[in-house]
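Undergrad: The structure follows.
The values are calculated or read from the model by the stated rules, or taken from the named source; none is laboratory data. Keep in mind the model is a prediction, meaning the values are calculated, not measured. Ideal geometry is used to build each Cβ from the backbone, glycine not excepted, and the neighbour counts take in all protein chains shown.
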Amino acid sequence: MLEKMKEIISEQLSVDADTITENSNFKDDLAADSLDLFELVMALEDEYSVEIPAEDLQNLLTVGEVMNYLKEKGVE
Amino acid sequence: MKTVIIGTGSFAPPRVVTNDDLAEIVDTSDEWIRTRTGIVQRRISEGPGTTWMAAEAAKRALEDAGVKPEEIDIIIAATTTADYCFPSTACEVQGILGAGNAVGYDVSAACSGFIFAMHTMDALIKTGTYSTGLVIGVDNLSKNVDWSDRSTCVLFGDGAGAAVVKASESGDRGLICGKVGSDGSKASVLTCQARSMENFLTGRKPEPGYIAMEGQEVFKFAVKKVPECVDSLLRNAGTDIGAVKYLVLHQANYRICESIAKRLKISMDKIPMNIDRYGNTSGATIPILLDELNQQGNLCRGDKLVLAGFGAGLTWGAMLVEW
């Protein structure tokens with residue numbers, strides 16, 4: 001999943017995929033602002049056919065947290 | 001029968017409010033506002049409101065069209081910020097213009113208002129009931145903004161735009177087709193409550209309402225729904241986005257427009273922008289932008305334009321026009 005996530009994040013946030021790790025913090029390490037995160041959420045929703053409501057997004061600060069969140073939602 | 005736009009006009013209050021001005025009243029900055037919204041300044045009314053702006057825009061549109069007020073037989077104003085609960089903005093404008101032969105009323109569809117008003121006008125023109133119409137998009141959101149809420153107060157401005165239309169039985173020019181939609185199940189994501197329900201039985205005085213927005217929901221809605229609506233409109237018309245010169249898109253946020261462009265696979269060159277100078281003027285953004293394109297000479301006979309809006313309701317709509 002990490003490889004796919006890196007690909008999506010790198011495209012949406014225009015960052016080099018090699019710099020992305022599970023510990024990357026979207027705001028601090030990947031320089032994403034709230035609107036970038038909305039775009040990312042939409043890309044993830046399209047890719048994994050899940051819905052990520054705004055209140056859940058507030059608790060998803062790192063790449064790893066998003067991966068755990070998606071796994072809890074049944075994404076493999 | 002075709003509905004042809006024969007003149008445009010727009011107006012905004014003279015007072016310019018910059019991002020730096022706002023940084024003095026709420027915790028924000030020019031850099032923050034520019035990078036997240038594309039807004040540099042907006043116009044804010046210092047007194048006169050919706051009717052004043054609507055009438056000024058209407059006068060300019062009539063002059064551009066070479067139409068006299070008494071020739072108008074219908075006025076439809078799109079607004080959610082009328083000066084009065086009644087009379088309607090359209091009736092007030094009728095009075096100011098001296099358009100004694102017209103009927104006037106308002107429609108309410110927030111930021112999609114101008115598209116809804118034009119869609120209604122087009123349907124009425126096609127019945128043959130009316131032949132010369134005035135469509136106005138106007139909003140005075142500065143009075144509905146909570147000026148202590150930094151997440152919303154930086155976004156909006158005041159303004160008005162208008163278009164004069166005429167019924168035409170000849171040629172290809174005019175509104176080719178339109179499509180509007182709404183989803184009331186998402187009504188709560190973007191609201192501005194009217195005066196609260198209080199009376200002598202409740203024993204309390206009514207309170208005014210303010211704009212409240214769930215940013216992520218609105219963003220997702222706009223970025224998904226607008227491309228879907230535009231694609232379906234163009235498919236129905238048997239054409240595609242390649243044939244369209246400009247997508248005249250509601251100016252809510254530069255980044256939303258960019259995302260919509262990305263999804264439609266078009267360059268931002270096709271989406272004229274003026275949000276930097278006006279902010280989001282709700283129902284007025286599309287007619288103001290259309291008027292600017294028209295006055296700058298950027299619209300030539302035969303050009304195909306798509307006008308598209310989205311906003312509270314939730315509502316959305318698009319319209320294919322041959323200039």
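Undergrad: Could you tell me whether any residue of region B:268-275 is surrounded by 22 or more Cβ atoms within 10 Å (Cβ to Cβ) and in contact (Cβ under 8 Å) with a residue 60 or more places away in the chain?
TA: Residues of region B:268-275 surrounded by 22 or more Cβ atoms within 10 Å (Cβ to Cβ): B:275.
Next, from what is left, pick out any that are in contact (Cβ under 8 Å) with a residue 60 or more places away in the chain: B:275.
Yes: one or more hits.
Undergrad: Follow-up question, since we're still on this one. Quickly run through region B:7-45 and pick out the residues that are more than 14 Å from every other protein chain (Cβ to nearest Cβ), touching an Asp or Glu at 6+ places or on another chain (Cβ under 8 Å) and farther than 19 Å from B:A78 by Cβ.
TA: Across region B:7-45, the qualifying residues are B:R15, B:T18, B:N19, B:D20, B:A23, B:V26, B:D30, B:V40, B:Q41, B:R42, B:I44.
Undergrad: Quick check on my filter: what residues within region B:216-233 are crowded, with 21+ Cβ neighbours inside 10 Å, within 7 Å of another protein chain (Cβ to nearest Cβ) and touching a residue at least 24 places away in the same chain (Cβ under 8 Å)?
TA: B:F219, B:V223
Undergrad: Residue check: is B:A58 closer than 19 Å to B:L290 by Cα, crowded, with 24+ Cβ neighbours inside 10 Å and in contact with a helix residue (DSSP H, G or I) (Cβ under 9 Å, 6 or more places away or on another chain)?
TA: yes
For every residue, the table says whether it meets (1) away from chain A (no Cβ under 14 Å); (2) over 22 Å from B:L134 (Cβ atoms).
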{"site": "B:A252", "(1), (2)": "no, yes"}
{"site": "B:A261", "(1), (2)": "no, yes"}
{"site": "B:D276", "(1), (2)": "yes, yes"}
{"site": "B:I288", "(1), (2)": "yes, no"}
{"site": "B:L293", "(1), (2)": "yes, no"}
{"site": "B:F310", "(1), (2)": "yes, yes"}
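Undergrad: Taking region A:61-72, which residues are touching a residue at least 24 places away in the same chain (Cβ under 8 Å) and closer than 13 Å to A:V41 by Cβ?
TA: Matches in region A:61-72: A:V66, A:L70.
Undergrad: Any residue in region B:162-177 that is surrounded by fewer than 20 Cβ atoms within 10 Å (Cβ to Cβ), within 24 Å of B:A252 (Cα to Cα), under 19 Å from the mean Cα position of the chain (by Cα) and touching a residue at least 12 places away in the same chain (Cβ under 8 Å)?
TA: yes
Undergrad: Looking at B:M268 and the list (1) farther than 24 Å from B:G9 by Cβ; (2) within 14 Å of another protein chain (Cβ to nearest Cβ), which single condition is not satisfied?
TA: (2)
Undergrad: With region B:128-203 as the region, which strands (runs of 3 or more DSSP E) entirely inside it contain at least 2 residues that are in contact with a helix residue (DSSP H, G or I) (Cβ under 7 Å, 6 or more places away or on another chain)? Give the steps one after another, and end with the answer.
TA: Values: elements: B:132-140, B:158-168, B:174-182, B:190-192.
Where strands (runs of 3 or more DSSP E) fall fully within region B:128-203 and carry at least 2 residues being in contact with a helix residue (DSSP H, G or I) (Cβ under 7 Å, 6 or more places away or on another chain), they are B:132-140, B:158-168, B:174-182.
Undergrad: Scanning for something modelled with pLDDT of 90 or more, away from chain B (no Cβ under 14 Å) and surrounded by 13 or more Cβ atoms within 10 Å (Cβ to Cβ), does region A:49-61 turn up at least one residue?
TA: Yes: region A:49-61 contains one or more residues that are modelled with pLDDT of 90 or more, away from chain B (no Cβ under 14 Å) and surrounded by 13 or more Cβ atoms within 10 Å (Cβ to Cβ).
Undergrad: Only residues that are more than 14 Å from chain B (Cβ to nearest Cβ) and in contact (Cβ under 8 Å) with a residue 24 or more places away in the chain: list them for region A:13-25, please. Let's see the steps before the verdict.
TA: Of region A:13-25, the ones more than 14 Å from chain B (Cβ to nearest Cβ) are A:15-25.
Matches in region A:13-25: A:I20, A:T21, A:E22, A:N23, A:S24, A:N25.
Undergrad: Looking at region A:4-12, can you tell me whether even one residue there is within 13 Å of chain B (Cβ to nearest Cβ) and in a helix (DSSP H, G or I)?
TA: Checked region A:4-12: at least one residue is within 13 Å of chain B (Cβ to nearest Cβ) and in a helix (DSSP H, G or I).
Undergrad: Restricting attention to region B:29-46, and to residues there that are of a type in the set (V, I, T) and surrounded by fewer than 18 Cβ atoms within 10 Å (Cβ to Cβ), which single residue is modelled with the highest pLDDT?
TA: Selected residue: B:V40.
Undergrad: Next question. All but one of (1) within 11 Å of chain B (Cβ to nearest Cβ); (2) in contact with a helix residue (DSSP H, G or I) (Cβ under 7 Å, 6 or more places away or on another chain); (3) assigned to a helix (DSSP H, G or I) hold for A:L70, so report the exception by its number.
TA: Result: A:L70 passes all but (1).
Undergrad: Can you tell me which residues in region B:229-256 are among the hydroxyl-bearing types (S, T, Y) and out of contact with any strand residue (DSSP E or B) (no Cβ under 6 Å at 6 or more places or on another chain)?
TA: Residues satisfying the conditions are B:S232, B:T239, B:Y254.
Undergrad: Please find, within region A:35-48, the residue that is nearest to B:R34 (Cα to Cα) out of those that are facing chain B (nearest Cβ under 9 Å) and not acidic (D, E). Spell out how you get there, then give the answer.
TA: Step one: filter region A:35-48 for residues facing chain B (nearest Cβ under 9 Å), giving A:35-39, A:41-42, A:45.
If we keep only those that are not acidic (D, E) as well, we get A:35, A:37-38, A:41-42.
Values: A:L35: 13, A:L37: 17, A:F38: 18, A:V41: 22, A:M42: 23 Å.
Among residues in region A:35-48 that are facing chain B (nearest Cβ under 9 Å) and not acidic (D, E), the one nearest to B:R34 (Cα to Cα) is A:L35.
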